[in-house]
Amino acid sequence: MMQLDAEKQMRRRKRKNTIFHILFLSSTLFGIVALALLLIQILVDGLGWLNWDFLTNNASRKAEKSGIKAAIFGTLWMMSITAPLSFIIGVSTAIYLEEYAKNNWFNRFIQTNIANLAGVPSIVYGLLGLTIFVRVFGFGKSVLAGSLTMTLLILPIIIVASQEAIKAIPGSQRNASFALGANRWQTILRVVLPSALPGILTGSILSFSRAVGETAPLIVVGAVAYITTLPNSVFDKFTVMPIQIYTWANLPQEEFHNVASAGIIVLLLMLLTMNAVAIFLRNKYQKKN
Amino acid sequence: MARMKQSKNAKELNSFMQKKKGIYSWDRMMPIILATIAGISVLTTIGIVVILITESAGFFQAVSITEFLFGTQWTPLFADPKFGVLPLIMGTFMITLVASIVALPIGFGSAIYLSEYAPRKVRNFIKPILEILAGIPTIVYGFFALTFITPIIKMVIPQTDLFNALSAGIVVGIMIIPMISSLSEDAMNAVPSSLRNAAYAMGSTKLEVALKVVVPASFSGIIASFVLGLSRAIGETMIVTLAAGALPNMDFDFLKSIQTMTAYIVTTSQGDTAYGSVEYRTIYAVGITLFVITLIMNILAGYISRKFREEYE
Amino acid sequence: MSIVQIKDLDLYYGDFHALRNVSMNINEKSITAFIGPSGCGKSTLLRTLNRMNDMIDSVKISGAVSINDTNIYNPTVNVELLRKEIGMVFQQPNPFPKSIFENVAYGPKIHGIRNKKQLDEIVETSLRGAALWDEVKDDLKKSAYGLSGGQQQRLCIARALAINPKILLMDEPTSALDPISTLKIEELIQELKGDYTIIIVTHNMQQAARVSDQTAFFLNGEVIEFSDTSKLFSNPNEKKTEDYITGRFG
Ligand SMILES: Nc1ncnc2c1ncn2[C@@H]1O[C@H](COP(=O)(O)OP(=O)(O)O)[C@@H](O)[C@H]1O
Ligand SMILES: [Mg+2]
């Protein structure tokens, strides 16, 4: 009797486990299905519009003539400032925090501050850029203002990623260098950074892709939607791919939604390439260890 | 002769005592240079706080804080403008509510699956897909909401507006799933396997190990991931700008157009409001409200995970 | 009389042959010690007895392990119910981050006991059984992490007793403890012998000699010698056993 009860109860517990297993699995599949639907829809709508003209035309009021050239160049212009600048500032900050900073209140404050900056909504960075770079510094609605805003936006991400990479270098390597008579800076330059570089690059590329995909703060700092000339200098007005897509998506005509899909394909391809490079670096690095 | 040789040797041996570092050596300069650069992140914070306060100060000279915080109408561009921020907060709240109904259970469930159930191969396959999902720009999600989710909702409930809170909220939810899932999973992975072994050795099923041992032991980390996810939903901009419309209201109707704080800032900064006017300054007043709300949530999340951090002995 | 029968057991971790053709019978309500140098397969064999090895993907097993004449690797065997019959105590004390009470009540609860009075009773009996009751009876609601290492290990024993097992597996239960706590646990093991079949892994030969009735000596996944403890330590049959117990290697 007791034995029977126990078995019955056990069957119930097993069944419950199976049901929840299925539920948990479905939750995980939900994200995958959503991703698949999103990609399929965009490919179906956009592939037909994707051709050489689309890549080499500027914006137009006619869907057939619309192209993404100005937006691609705008994104490239912006990243040519944002990427090196955020990399230098981010890695320097990370080196300072990991290799030099003592555990005092000021350095803890910087660390907390960085963590909080990472959680500030991107639109608030837009307000910061609009006020400081566009107005106070007088850069206007230019490539420069947009690039600097994006630099500040992705800075916390690069800093944290670089810190992780630097932390992963075992202290024994540093000690070996010190024991040979190297000073701290030599040790950082010749031992720590070379080992941490793949990790730092991976993290940096991933945050660059965040900058490439951002829309809202650039709208606020005044990157314009309808543009038919490419920027010639950092003080020129510009647009970027996500804003161009936003503009097309906002138009009521159905054809422009297809144009937007084509634009999204180009954007996703660019991000995919960046991610592939990052993953390639990461794998190459992991194999070495 | 012998003595001289000896003293010379002693000199060589002690050479380390004589060589002084140059004052301008890299080793001395670098920490100062790096610390200065590290200050940029502090300046950023100061910049954000100062511009939000100074620019919205102008706004609050024209509009009382009480009217702003408790007014139920937001019509800054009307001839008789009203500056009650509650409709925008309501819009943000509705989006966050829908998003959390979607994202909390699904993110939590998938975290349990990945940390407790999934065989290693499956996990190695699924994790990168979730990372891709997390890396998709929000403008793409917004487009997805507008052109895929909204038509489906309209098919089921025909009277739904083209722009509505439900569609945008669902997609914001989808967007934050990877974040909640991976942060919760990190918390669960931090539970030592010795606790799982103890529970299995007593005859627990996987579900019992997950829900009675792992989840209670990582509870604070899970809650922190929820709070961070919601904070992200509150700050999300492009999905709501594209799919939820631009009609601030207090109706609490998920099938109608609404406006969130973030969408208001984007939409208004696109328009031609005159620099320095009260209308122009509304974006800072709304911005500081948004900033304070998300800051509180982020600090709360940090506090929860630090204060209630489980120490496993 | 024997409660556990192991026959021709081989175990592989992937390609690594961790247990080689192990056969032995373990007597009911006795204490059996597994000794041998580190890495020789003692813990692995212990984990085959409650099928904890199931959770390691690379494990492949052949041969038979029977408990009360039922092969526990038979596909119809319910692993959870099997483990309910077999308590396990680990090398490191591993209490849950819960109260003392909840730690002990965990097992009975998952196995379906809801009644508060019944749970109270089980918790008290188990804690008494683990010689911990007097030390913690006023602190049942307090976190288990407030206890000392030795107390935590006795709590883990109480937790294992609470599911009312027939067999108690202990994997180096005192290796993380100080000498005084070790002594207490050894005394406890002696007391538990009347009610449970105890199998204890130890790399401490004195401990094996002090507490056990029978001892198995392992080397490289093989059982070299399995006999009465007094015989094995005073007059071993095998040269390798003698080398080991006289400290010539390991
Ligand atoms: N999960 C595992 N995967 C692969 N090999 C393992 C695993 N666990 C143990 N081993 C190997 O099996 C052998 C026996 O291990 P174990 O039973 O833990 O030894 P003991 O408890 O006697 O010290 C060791 O060589 C060990 O490296
Ligand atoms: Mg062992």
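The values are calculated or read from the model by the stated rules, or taken from the named source; none is laboratory data. It should be emphasised that the depicted structure is a prediction, and the values quoted were computed from it without experimental measurement. We place every Cβ from the backbone using ideal geometry, glycine too, and count neighbours over all the protein chains shown. In case anyone asks, the SASA skips ligands and DNA or RNA and just uses the protein heavy atoms, side chains included. Shrake-Rupley method; radii C 1.70, N 1.55, O 1.52, S 1.80 Å.
The table below gives the values:
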quantity: Which listed residue, of C:Val65, C:Val77, is under 27 Å from C:Asp15 (Cα atoms), part of a strand (DSSP E or B) and either within 16 Å of ligand 2 (Cβ to nearest atom) or more than 8 Å from chain B (Cβ to nearest Cβ) (or both); calculated: C:Val65
quantity: Test for C:Asp57: is it exposed (fewer than 15 other Cβ atoms within 10 Å of the Cβ) and closer than 28 Å to B:Val214 by Cβ; calculated: yes
quantity: Cβ-Cβ under 9 Å pairs, at least 6 apart or on other chains, region A:23-36 side surrounded by fewer than 21 Cβ atoms within 10 Å (Cβ to Cβ), far side outside any helix (DSSP H, G or I); calculated: A:Leu25/B:Ala118; A:Leu35/B:Ile136
quantity: Scan of region C:210-237 for residues that are open to solvent by 50 Å² or more (accessible area, probe 1.4 Å) and without any contact (Cβ under 8 Å) to a residue 60 or more places away in the chain, ordered by number; calculated: C:Arg210, C:Asp228, C:Ser230, C:Lys231, C:Phe233, C:Ser234, C:Asn235, C:Asn237
quantity: Hits in region B:98-127 - residues which are under 21 Å from the mean Cα position of the chain (by Cα) and at the interface with chain A (Cβ under 8 Å from one of its Cβ atoms); calculated: B:Pro105, B:Ile106, B:Gly107, B:Phe108, B:Gly109, B:Ser110
quantity: Residue in region C:104-113 that is open to solvent by 50 Å² or more (accessible area, probe 1.4 Å) and either outside any helix (DSSP H, G or I) or within 16 Å of ligand 1 (Cβ to nearest atom) (or both) present; calculated: no
quantity: Among (1) farther than 18 Å from C:Gly87 by Cβ; (2) open to solvent by 80 Å² or more (accessible area, probe 1.4 Å); (3) away from ligand 2 (no atom under 16 Å from the Cβ), the one test that C:Asp195 misses; calculated: (1)
quantity: Sole residue being in a loop (DSSP other than H, G, I, E, B), buried (at least 17 other Cβ atoms within 10 Å of the Cβ) and more than 16 Å from ligand 1 (Cβ to nearest atom), chosen from C:Pro173, C:Pro165; calculated: C:Pro165
quantity: Test result for A:Gly213, facing chain B (nearest Cβ under 9 Å), modelled with pLDDT under 90, open to solvent by less than 60 Å² (accessible area, probe 1.4 Å) and closer than 30 Å to A:Leu55 by Cβ; calculated: no
quantity: Any hit, region C:32-41, residues being under 30 Å from A:Arg13 (Cα atoms) and within 11 Å of ligand 1 (Cβ to nearest atom); calculated: no
quantity: Test for C:Ala158: is it in contact with a Ser or Thr (Cβ under 9 Å, 6 or more places away or on another chain), open to solvent by less than 20 Å² (accessible area, probe 1.4 Å), farther than 22 Å from C:Thr197 by Cα and within 13 Å of chain B (Cβ to nearest Cβ); calculated: no
quantity: Enumerated helices (runs of 4 or more DSSP H) restricted to region A:1-102, each holding at least 1 residues that are closer than 20 Å to B:Ile136 by Cβ and away from every other protein chain (no Cβ under 14 Å); calculated: A:69-95
quantity: Some residue of region B:140-151 being of a type in the set (Ser, Thr, Tyr), open to solvent by 10 Å² or more (accessible area, probe 1.4 Å) and under 27 Å from B:Ser115 (Cβ atoms); calculated: no
quantity: A:Val191, sole failed condition from (1) in a helix (DSSP H, G or I); (2) touching a Lys or Arg at 6+ places or on another chain (Cβ under 9 Å); (3) open to solvent by less than 30 Å² (accessible area, probe 1.4 Å); calculated: (3)
quantity: Subset of region C:202-217 (residues that are out of contact with any Ser or Thr (no Cβ under 7 Å at 6 or more places or on another chain), of a type in the set (S, T, N, Q) and away from ligand 2 (no atom under 16 Å from the Cβ)); calculated: C:Gln206
quantity: Tally of residues being polar (S, T, N, Q) and facing another protein chain (nearest Cβ under 7 Å) across region B:24-42; calculated: 1
quantity: Residue selected from region B:274-287 under the condition open to solvent by 40 Å² or more (accessible area, probe 1.4 Å) and touching a residue at least 12 places away in the same chain (Cβ under 8 Å), by the criterion nearest to the other protein chains (Cβ to nearest Cβ); calculated: B:Arg281
quantity: Selection within region C:1-43 - assigned to a loop (DSSP other than H, G, I, E, B) and either among the polar types (S, T, N, Q) or more than 16 Å from ligand 2 (Cβ to nearest atom) (or both); calculated: C:Met1, C:Gly14, C:Asp15, C:Glu28, C:Lys29, C:Ser30, C:Ser38
quantity: Neighbours by Cβ (under 9 Å, 6+ apart or cross-chain): first from region C:178-202, within 14 Å of chain B (Cβ to nearest Cβ); second away from ligand 2 (no atom under 16 Å from the Cβ) and assigned to a helix (DSSP H, G or I); calculated: none
quantity: Positions within region C:189-203 being touching a Leu at 6+ places or on another chain (Cβ under 9 Å) and in a helix (DSSP H, G or I), in sequence order; calculated: C:Ile189, C:Leu192
quantity: Matching residues, region B:179-210, being open to solvent by less than 10 Å² (accessible area, probe 1.4 Å), within 13 Å of B:Phe108 (Cβ to Cβ) and of a type outside the set (Ser, Thr, Tyr); calculated: B:Ile180, B:Glu185, B:Met188, B:Ala210
quantity: Filter result for C:Leu46 (outside any loop (DSSP other than H, G, I, E, B) and either near ligand 1 (Cβ under 8 Å from one of its atoms) or in contact with a Lys or Arg (Cβ under 7 Å, 6 or more places away or on another chain) (or both)); calculated: yes
